[in-house]
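Data block below; observations after.
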Amino acid sequence: MRSAAAEPVVVAVDGGGSKTDAVATTLDGTVVGQLRGPGSSPHLDDLGWSVRIVDDLVRAVADGRQVRQANLYLSGIDLPSEIDVYRARLASLPWAGESTVVDNDLYALLRAGTDAPDAVAVVCGTGMNAIGVRADGAEVRFPALGEISGDWGGGGGLGAQVLWHAARDADGRGPATLLTAGMLERLGADSVASVIEDFHLGRRCDSELAGLPPLVFEAAAAGDLVARGLVDRQAEEIVAFVRACLHRLELFDRPVPVVLGGGIIAAHDPLLMAAIHTQLAALSPLARAVVVAAPPILGGILLARTAAGCGADALARARSGLGYPDPRG
């Protein structure tokens, strides 16, 4: 371990449901630590577990150096009260301080895709969420608490619909669909009835449903009408978030980048992406979709370095050090 007298570092953490990324850079932008750990979403995991994962990763990438600035962006932190509770749990850690940023991982996604002052970001991964920002500091946020806050879609939503439609196919209440056979094969089950019973009795967990969305895209590509309907609905939900942000921020008359990220988007399904582009163009001709190629941790470290007062050259060096040079040249 390095001496605490070594050059201080800026650290960023991007924590999701399945993985957590951490990066440390020196003040001049040199990347000195980069690690990936297990998921750290306090919404899916115990708060204490989340803090332990983040603490271990921060200490590891800092490698004994003083942490000048730390920015933590975590999925499942959607309410101010949740931020306050998380910050309180960090208070005793030596690297945390008054300047430590704790917020939703959408901010990291947004910054990874654009630095435009007027912008929207939508994440479609295990779940869904969005954020809209305006040059004057106004923001739009969503609770993103699932059905109770009006949410549908992402891996969980699509996976649950696979089982729903398979159940109705099997018992005759709904149309036949390729999703039924695909689900049984994917889950290694003999019948839809046994799958329903397993979920009801707790022998299967919801995370198995979140792994079913690829079936939707495969069946849709094969012409399955039920699956095509789900793909269209997913696109509608993504664009609904965009519509709400543009309306509430009064940005319909401005060219606004719409940053898209998350596991469902990263699959680059052609039917889904075509539906998103078509619906977005009809909603706002001035908006343009930006599918993020860089991981959100890039946005996290850029935000952390800005908070630490680092200049443009140091930001560019950090971006290049992570393998994502500025696309603007």
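Under the condition of being under 24 Å from residue 320 (Cβ atoms) and among the aliphatic types (A, V, I, L, M), which residue from segment 41-72 is surrounded by the fewest Cβ atoms within 10 Å (Cβ to Cβ)?
60
Looking at the structure I just gave you, is residue 90 open to solvent by less than 10 Å² (accessible area, probe 1.4 Å) and under 30 Å from residue 287 (Cα atoms)?
No.
From the set of residues in segment 189-208 that are part of a loop (DSSP other than H, G, I, E, B) and more than 29 Å from the chain's Cα centre (by Cα), which is surrounded by the most Cβ atoms within 10 Å (Cβ to Cβ)? Break it down into steps so the answer makes sense when it comes.
Our first condition is that a residue be part of a loop (DSSP other than H, G, I, E, B); within segment 189-208, this holds for 189-191, 201-205.
Narrowing the set further to residues that are more than 29 Å from the chain's Cα centre (by Cα) leaves 189-191, 201.
Numbers: 189: 16, 190: 9, 191: 11, 201: 8.
So, considering only residues that are part of a loop (DSSP other than H, G, I, E, B) and more than 29 Å from the chain's Cα centre (by Cα), the one surrounded by the most Cβ atoms within 10 Å (Cβ to Cβ) is 189.
Would you please name the residue that is most open to solvent (accessible area, probe 1.4 Å), looking only at residues in segment 256-290 that are closer than 22 Å to residue 117 by Cβ and free of Cβ contacts under 8 Å to residues at least 40 places away in the same chain?
288
Could you check segment 128-150 and list, in sequence order, the residues that are modelled with pLDDT of 90 or more, open to solvent by less than 30 Å² (accessible area, probe 1.4 Å) and within 20 Å of residue 42 (Cα to Cα)?
The answer is 128, 129, 130, 131.
What do you reckon, is residue 81 more than 30 Å from residue 237 (Cα to Cα), among the polar types (S, T, N, Q) and open to solvent by 30 Å² or more (accessible area, probe 1.4 Å)?
no
Within segment 93-108, can you find the residues that are in contact with a helix residue (DSSP H, G or I) (Cβ under 8 Å, 6 or more places away or on another chain) and either open to solvent by less than 20 Å² (accessible area, probe 1.4 Å) or of a type in the set (Gly, Ala, Ser) (or both)?
Of everything in segment 93-108, those that are in contact with a helix residue (DSSP H, G or I) (Cβ under 8 Å, 6 or more places away or on another chain) and either open to solvent by less than 20 Å² (accessible area, probe 1.4 Å) or of a type in the set (Gly, Ala, Ser) (or both) turn out to be 96, 99, 100, 102, 108.
Quick one: residue 267 ticks every box in (1) under 22 Å from residue 162 (Cβ atoms); (2) at pLDDT 95 or above except a single one, so which number is it?
(2)
State which residue is least open to solvent (accessible area, probe 1.4 Å) when the search covers only segment 151-183 and only residues that are assigned to a helix (DSSP H, G or I) and either of a type in the set (Asp, Glu) or free of Cβ contacts under 8 Å to residues at least 12 places away in the same chain (or both).
In this case the residue turns out to be 169.
Would a scan of segment 28-40 turn up a residue that is open to solvent by less than 50 Å² (accessible area, probe 1.4 Å) and of a type in the set (Lys, Arg)?
no
Being surrounded by fewer than 22 Cβ atoms within 10 Å (Cβ to Cβ), among the small types (Gly, Ala, Ser) and modelled with pLDDT under 95 is the requirement here; does residue 294 meet it?
So residue 294 fits the description; yes.
Which of the residues spanning segment 115-127 are within 21 Å of residue 16 (Cβ to Cβ) and open to solvent by 20 Å² or more (accessible area, probe 1.4 Å)?
Residues satisfying the conditions are 123, 126, 127.
Taking segment 36-89, which residues are of a type in the set (S, T, N, Q) and under 19 Å from residue 302 (Cβ atoms)?
69, 71, 75
The values are calculated or read from the model by the stated rules, or taken from the named source; none is laboratory data. Everything quoted here is computed from the prediction, not taken from an experiment. Virtual Cβ from ideal backbone geometry, glycine too; neighbours counted across all protein chains shown. Accessible surface is based on the protein model in full, side chains and every heavy atom, while ligands, DNA and RNA are left aside. Shrake-Rupley method; radii C 1.70, N 1.55, O 1.52, S 1.80 Å.
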